[in-house]
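After the structure tokens below, expect a handful of questions from me.
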Amino acid sequence: METSFAFFTDLFLHSLSLWWVIIPSIFLGFIVGAIPGFSAANTIIILLPFTLVMDVEVGLVFMVALYCASRMGAGIPAILVNIPGTAGAAATPLDGYPMVKKGQGQMALSISFTSSTLGGLLTTVIALLSMPLLARVGFYMHSVEMVVVMLFGISLIATIASKDTLKGLIAGFFGLMIGSIGADHVYATPRGTMGFLELYDGVPLIPALVGLFAISEAFMVIEGESILSEHSRDRLQTGTWHQTLEGVRITLKRWWHVAWTSLIGLVIGVTPGAGAAIAAFVAYQQSRAFSKTPELYGTGHPEGLIAPESANNGVTAGTLIPLLVLGIPGGATAAIMLVVMQYQGVNTGPRLFMERPELGYGIFMAMFTTYLLMAFTILPLSRYMSRVTLVSTTFMSPLIIGFTLIGSFVPREYMFDMYLAFAFGILGYIARKTGYHVAAILIGVILGPLLEQYMLVALQKSDGDFLTLFSSPLGNILWVALVASLILPAFMKHRQRRRKSVFAEGEG
Amino acid sequence: MASTQDSDEKRQLGGELIIPVLALGFTLYYIATVVDSPWSAQLNAFMVGSVLILLVLIFFAVAARALWRGEASLGMSNLIEPYHILPKRLGFIALSLGYLIVIQWLGFTLTTFVFMAASMLLLGGGRRPILCLVSATIMAAVALVVFVILFQKRFPKGPVEYLVQALS
Amino acid sequence: MSNSQRNSFISSLSRRSLLKAGAAAAVLGSSGSLASRAFAAGYPERNIDVIVPTREGGGADRNLRAFTAIWKKYLDTNFEPGFYPGASGRVGYEVYMGKYEPDAYSLIFGNMGPEVLNWVVKEPSFNIDDYIYWGRVDTDPGCLFIGSESKLQTLDDIIAEGKKRKLNVGTSRLAHPASIGMLALAEHTGIEVTLIPLSGGKKTVAGAVTGEVDFSVLTSGTVAAAGDAVKTLLVFNDKNVLGEALDNAPTMNEVYGTNLPPMLSSRAFGIHKAAVDKHPDRFEMLQSTFRKVFDDPEYKASVLKAKGHWEYVNYGGVEECAKFKQAMLELGAKYKSYLTGS
């Protein structure tokens, strides 16, 4: 297998020559990503008849571009109107939406696009260079290790709860409890389903997401003329390209932050079955834990937006690695790619790189090119897209409700899911009005079932021995890291305070 | 407005108690559904449920103490304020709920239009009616084209959908 | 990559090829059928709804498309699939039995193996004799496989290890024929196993490959698709019809001289019992046209084109289906305590 510099250059030039597939796919992916309920996976399924008759390379490039762009597109409604359309974007509004409220919508989009692009480019390059090595990650990240990874994400509840610990924890654990609804993973006993068959597979994520975040917000914002304050409106209206450039500058300045949070995404993405939501939450939690200004998170802090966006784009490259190197798809989109490759008679796994290296590496190169082209095609749009937030709530609120109710119907096509979204909307409204953090509930709903699933596998394997959670070396390292990331920030703060007071005393 | 000021000073626990009460009720119901189940089904009820119950009980205790000392009231105004928005908000929530019910009979497109138009008129206080109607029409038309015609999603059918079906 | 390779690769990617492909797809999509019309008093005079209790884009979807593309020629009508995934197929059946009129204008396309075992675990809201399976399309046996890097490389390794410790076996879910096959194997060889449901075929394969579990059992079609990442050791059927694609693995009955019935995933069309009683002529028409599909060379081409295994295509009528449903119910009853944990 020849993987020289010349080989990669050739491959790059070749994938650039496919711009006529990539650019339309980018726009299509961008749009479907922005519609709640739609995803790259179900769009590809709908377009499968076309994909199957395309040349295998074109088909794969089309899917890859659509996949990357939809990931980026999902950030737009998450930031602008607080509607994360997919679970992967669930951590994006935490700091994205507060920025919008401050009139920094354009900058927020610009930060999101830039960090998505950088994160995507970086992880793609790393994937290209170290694919065989990365494919091994799945061999070490078993259920025990994944339990700890989940806890990284779930510990965000405690972080979010820092203002009013008791209420934050109640919200988070209530979310975990709601996430426990559904048939149990071993014997399929229905639990807490209130008799609804639609809840057997657990609480569907899109209705929970849009209900808690967006619908409740729509009921809230009618209090004002606009979701923005007077001052923010002026700021946005008079905004020029400056905000976009500022966003790019802020992100580039924090390139190191982009780098390591996107790596978290890559590693979690490589692990079969784990997904963008986990990556985004873990990255956010880690970013905050090691920040010098953790108190700014949740108030519209750029790093709080960079972390989840870099991470969920890192996942994109990650999920393709087990598919290509091992032949096992890491997620829904990868699974459909497998179908297409099999249909076209292309072997996945080690044979792919022996028989058709240009295809194996070509997919990542196409991904690289997609991110590159996105930087030029999408970034300039942020100035215009941010104007959406200027629309009066008279129009905005009904649009949000209509759009999200429709979006919650789309994935499963059950009326039940629309009712559920509404119910979550009311729950979210009550929570917001009475000082409970909806994000804490949401983290529980999303990560709770995953934690339970991994925990059950771990416990089943050890005949119910809880000590198994501390039986693996890698797992133990992760435990230490988890504890450290929870304690360190408090410790550092304490020390900082002490140093300050000592300093003050010295002066006085 | 002395009374308002008075209630502003006191913590409004009535509203704050809703989530814990819901959480407690749901947890107890959940536990009831797994009492006879194998251990794997009960794991979460114990791991999560027990902690949640404990947290809620602590919250109740804190709340009771605050009430006892007169630092808080069982008022719910924080849930409802600001009062001048209340009719609009209740109307809007009712319209949203109505959307979900009526859609079964009027079908997806027509209900979307009616909901959009009605809630825009309601929230805008009847101002700019033409703009409201035009926006609602555009939204409903886009929804019809994208979700029903293009992606063939199984939304409830009504006169518009049947008409489109007959024409195609 | 050599120059010539690269050139052919690039030339295969012309813009024109995409356009051509798009046009071809459009033609494929719109080409209706003009086959002859038959008896049964104008039946069918409208499209037939097919309820699929799994998600769009999954195995059942592809299977159904390949089949109905040919069937519609003979029945002279279109089939409209409706996907109702959820609760391991329960939602689809409940919708079919609860919301569709028994008038032979709606069918259910289910998987007789796991879905019948579901009823053993927990009864549905309808009487399970109120629908019958009548048209079997394929039979896909369960198999036992290891990850290619597994420490246990042969059946003997597995049995020897299983006598030393309890083995962890991945499966897509407990109420599945492949799981039952594993339980029968453990019972016969006296090894101890814990079946660990890993929620779905993808994760079950991944579990074996990455070493999360010692090995896995699964429907063999999914295993064959995983290629070199896995190695099949045993098939729960009378014969390993796929041969090479399943590493020429022997069957359990061959190795151990057991008499285990085939542990199959088996896709079949089902219909309301009431529709059969009320409209015997329509049912007859469905059956006779259904039968013709199997002899149509276009069907074989369409299965092969969708990269399905023609070896698994296996016609079965009312009788075969009823026998299979009964066998599943009996097996389920035998292992009920294991499947429900009670």
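The values are calculated or read from the model by the stated rules, or taken from the named source; none is laboratory data. Just so it is clear, the model here is predicted, and its values are computed rather than measured. Cβ sites come from the backbone with ideal geometry, for glycine too, and all protein chains shown count toward neighbours.
Within the stretch A:335-350, restricting attention to residues that are in a helix (DSSP H, G or I) and more than 9 Å from chain C (Cβ to nearest Cβ), which residue is surrounded by the fewest Cβ atoms within 10 Å (Cβ to Cβ)?
A:VAL340
Could I ask something else about it? Just the residues that are among the charged types (D, E, K, R) and either touching a residue at least 60 places away in the same chain (Cβ under 8 Å) or in contact with a helix residue (DSSP H, G or I) (Cβ under 8 Å, 6 or more places away or on another chain) (or both), please, taken from the stretch A:408-456.
The answer is A:ARG412, A:ASP417, A:ARG432, A:LYS433, A:GLU452.
Scan the helices (runs of 4 or more DSSP H) fully inside the stretch A:368-451 and keep the ones with 2 or more residues being at pLDDT below 85 and over 29 Å from B:GLU81 (Cα atoms).
Here the list reads A:382-385.
For every residue, the table says whether it meets (1) more than 30 Å from B:GLU161 (Cα to Cα); (2) free of Cβ contacts under 8 Å to residues at least 60 places away in the same chain; (3) in contact with a Leu (Cβ under 9 Å, 6 or more places away or on another chain); (4) more than 8 Å from every other protein chain (Cβ to nearest Cβ).
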| position | (1), (2), (3), (4) |
| --- | --- |
| B:LEU57 | yes, yes, yes, yes |
| B:TRP68 | yes, yes, no, yes |
| B:LEU79 | yes, no, no, no |
| B:TRP105 | no, yes, no, yes |
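Now for a separate question. Which ranges mark the helices (runs of 4 or more DSSP H) fully within the stretch C:179-265 that have 2 or more residues being at pLDDT below 90?
Where helices (runs of 4 or more DSSP H) fall fully within the stretch C:179-265 and carry at least 2 residues being at pLDDT below 90, they are C:201-210, C:220-225.
What number of residues in the stretch C:204-221 are more than 7 Å from chain A (Cβ to nearest Cβ) and in contact (Cβ under 8 Å) with a residue 40 or more places away in the chain?
Here the count works out to 10.
Out of all the residues in the stretch C:294-317, which are assigned to a helix (DSSP H, G or I) and over 18 Å from the mean Cα position of the chain (by Cα)?
Those that are assigned to a helix (DSSP H, G or I) and over 18 Å from the mean Cα position of the chain (by Cα): C:ASP295, C:PRO297, C:GLU298, C:ALA301.
OK, next. For the stretch A:150-192, which residues satisfy the criterion of being facing chain B (nearest Cβ under 10 Å), of a type in the set (A, V, I, L, M, F, W, C) and in a helix (DSSP H, G or I)?
Within the stretch A:150-192, A:LEU166, A:LEU169, A:ILE170, A:ALA171, A:PHE173, A:PHE174, A:LEU176, A:MET177, A:ILE178 qualify.
A further question follows. Are any of the residues in the stretch A:60-78 crowded, with 24+ Cβ neighbours inside 10 Å, among the charged types (D, E, K, R) and either at the interface with another protein chain (Cβ under 9 Å from one of its Cβ atoms) or in contact (Cβ under 8 Å) with a residue 40 or more places away in the chain (or both)?
Checking the stretch A:60-78: at least one residue is crowded, with 24+ Cβ neighbours inside 10 Å, among the charged types (D, E, K, R) and either at the interface with another protein chain (Cβ under 9 Å from one of its Cβ atoms) or in contact (Cβ under 8 Å) with a residue 40 or more places away in the chain (or both).
Residues C:ARG62, C:ARG90: which one is within 14 Å of chain A (Cβ to nearest Cβ) and either closer than 25 Å to C:ASP296 by Cβ or in a loop (DSSP other than H, G, I, E, B) (or both)?
Result: C:ARG62 is the single residue among C:ARG62, C:ARG90 that is within 14 Å of chain A (Cβ to nearest Cβ) and either closer than 25 Å to C:ASP296 by Cβ or in a loop (DSSP other than H, G, I, E, B) (or both).
A further question on this structure: With respect to the numbered conditions (1) without any contact (Cβ under 8 Å) to a residue 60 or more places away in the chain; (2) among the aromatic types (Phe, Trp, Tyr); (3) within 14 Å of another protein chain (Cβ to nearest Cβ), which one is the sole condition not fulfilled by C:TYR338?
With respect to (1) without any contact (Cβ under 8 Å) to a residue 60 or more places away in the chain; (2) among the aromatic types (Phe, Trp, Tyr); (3) within 14 Å of another protein chain (Cβ to nearest Cβ), C:TYR338 is out only on (1).
Just for the stretch B:111-141: of the residues that are surrounded by fewer than 17 Cβ atoms within 10 Å (Cβ to Cβ) and modelled with pLDDT of 90 or more, which one is farthest from A:VAL391 (Cα to Cα)?
Within the stretch B:111-141, the match that is farthest from A:VAL391 (Cα to Cα) is B:ALA141.
While we're looking at this one, here's another question. What is the one condition in (1) free of Cβ contacts under 8 Å to residues at least 24 places away in the same chain; (2) charged (D, E, K, R); (3) closer than 30 Å to A:MET396 by Cα that A:GLU225 does not satisfy?
Looking at each condition in turn, A:GLU225 falls short on (1).
Being closer than 24 Å to A:VAL483 by Cβ and either surrounded by 23 or more Cβ atoms within 10 Å (Cβ to Cβ) or touching a Cys at 6+ places or on another chain (Cβ under 9 Å) (or both) is the filter here; which residues of the stretch A:290-316 pass it?
Scanning the stretch A:290-316 gives A:TYR297, A:GLU303, A:GLY304, A:ALA307, A:PRO308, A:ALA311.
Out of B:ALA136, B:ALA66, B:ALA140, B:ALA118, which single residue is part of a helix (DSSP H, G or I) and touching a Lys or Arg at 6+ places or on another chain (Cβ under 8 Å)?
Answer to the selection: B:ALA66.
Same structure again: Could you count how many residues in the stretch B:14-33 are more than 7 Å from every other protein chain (Cβ to nearest Cβ), touching a Gly at 6+ places or on another chain (Cβ under 8 Å) and not β-branched (Val, Ile, Thr)?
Selection size over the stretch B:14-33: 1.
Being in contact (Cβ under 8 Å) with a residue 60 or more places away in the chain, more than 10 Å from chain C (Cβ to nearest Cβ) and in contact with a Pro (Cβ under 9 Å, 6 or more places away or on another chain) is true for just one of A:PHE353, A:PHE364. Which residue is that?
A:PHE353
Continuing with the same structure: Pick from A:LYS433, A:LYS461: which is touching a strand residue (DSSP E or B) at 6+ places or on another chain (Cβ under 6 Å), among the charged types (D, E, K, R) and within 10 Å of another protein chain (Cβ to nearest Cβ)?
A:LYS461
Still on this model: Residue by residue through the stretch C:113-168, note down the ones that are in a loop (DSSP other than H, G, I, E, B), closer than 25 Å to C:VAL318 by Cβ and within 14 Å of chain A (Cβ to nearest Cβ).
Result: C:GLU123, C:PRO124, C:SER125, C:PHE126.
Just to be sure, is B:ALA23 in a helix (DSSP H, G or I), of a type in the set (A, V, I, L, M, F, W, C) and surrounded by 12 or more Cβ atoms within 10 Å (Cβ to Cβ)?
yes
Okay, residues lined up against (1) touching a Ser or Thr at 6+ places or on another chain (Cβ under 8 Å); (2) closer than 20 Å to C:LEU64 by Cβ; (3) acidic (Asp, Glu); (4) surrounded by 14 or more Cβ atoms within 10 Å (Cβ to Cβ):
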{"site": "C:ASP277", "(1), (2), (3), (4)": "no, no, yes, no"}
{"site": "C:PHE283", "(1), (2), (3), (4)": "no, yes, no, yes"}
{"site": "C:SER288", "(1), (2), (3), (4)": "no, yes, no, yes"}
{"site": "C:ARG291", "(1), (2), (3), (4)": "no, yes, no, no"}
{"site": "C:GLU319", "(1), (2), (3), (4)": "no, no, yes, no"}
{"site": "C:PHE324", "(1), (2), (3), (4)": "yes, yes, no, yes"}
{"site": "C:LEU329", "(1), (2), (3), (4)": "no, no, no, yes"}
{"site": "C:TYR338", "(1), (2), (3), (4)": "no, no, no, yes"}
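Now for a different question. List the number of the failed condition for C:GLU123; all other conditions in (1) farther than 30 Å from A:ASP465 by Cβ; (2) touching a helix residue (DSSP H, G or I) at 6+ places or on another chain (Cβ under 6 Å); (3) not hydroxyl-bearing (Ser, Thr, Tyr) hold.
If we test C:GLU123 against (1) farther than 30 Å from A:ASP465 by Cβ; (2) touching a helix residue (DSSP H, G or I) at 6+ places or on another chain (Cβ under 6 Å); (3) not hydroxyl-bearing (Ser, Thr, Tyr), just (2) comes out false.
Of the residues that make up the stretch C:264-285, is at least one in contact (Cβ under 8 Å) with a residue 24 or more places away in the chain, under 30 Å from C:ILE191 (Cα atoms), of a type in the set (A, V, I, L, M, F, W, C) and in contact with a strand residue (DSSP E or B) (Cβ under 9 Å, 6 or more places away or on another chain)?
Among the residues of the stretch C:264-285, at least one is in contact (Cβ under 8 Å) with a residue 24 or more places away in the chain, under 30 Å from C:ILE191 (Cα atoms), of a type in the set (A, V, I, L, M, F, W, C) and in contact with a strand residue (DSSP E or B) (Cβ under 9 Å, 6 or more places away or on another chain), which makes the answer yes.
Just one of (1) closer than 26 Å to A:LYS167 by Cα; (2) hydrophobic (A, V, I, L, M, F, W, C); (3) within 7 Å of another protein chain (Cβ to nearest Cβ) trips up B:ILE85, so point out which.
Tallying (1) closer than 26 Å to A:LYS167 by Cα; (2) hydrophobic (A, V, I, L, M, F, W, C); (3) within 7 Å of another protein chain (Cβ to nearest Cβ), B:ILE85 fails exactly one: (1).
Counting only residues that are closer than 14 Å to B:GLY107 by Cβ and in a helix (DSSP H, G or I), which one in the stretch B:143-159 is farthest from the other protein chains (Cβ to nearest Cβ)?
The residue in question is B:PRO159.
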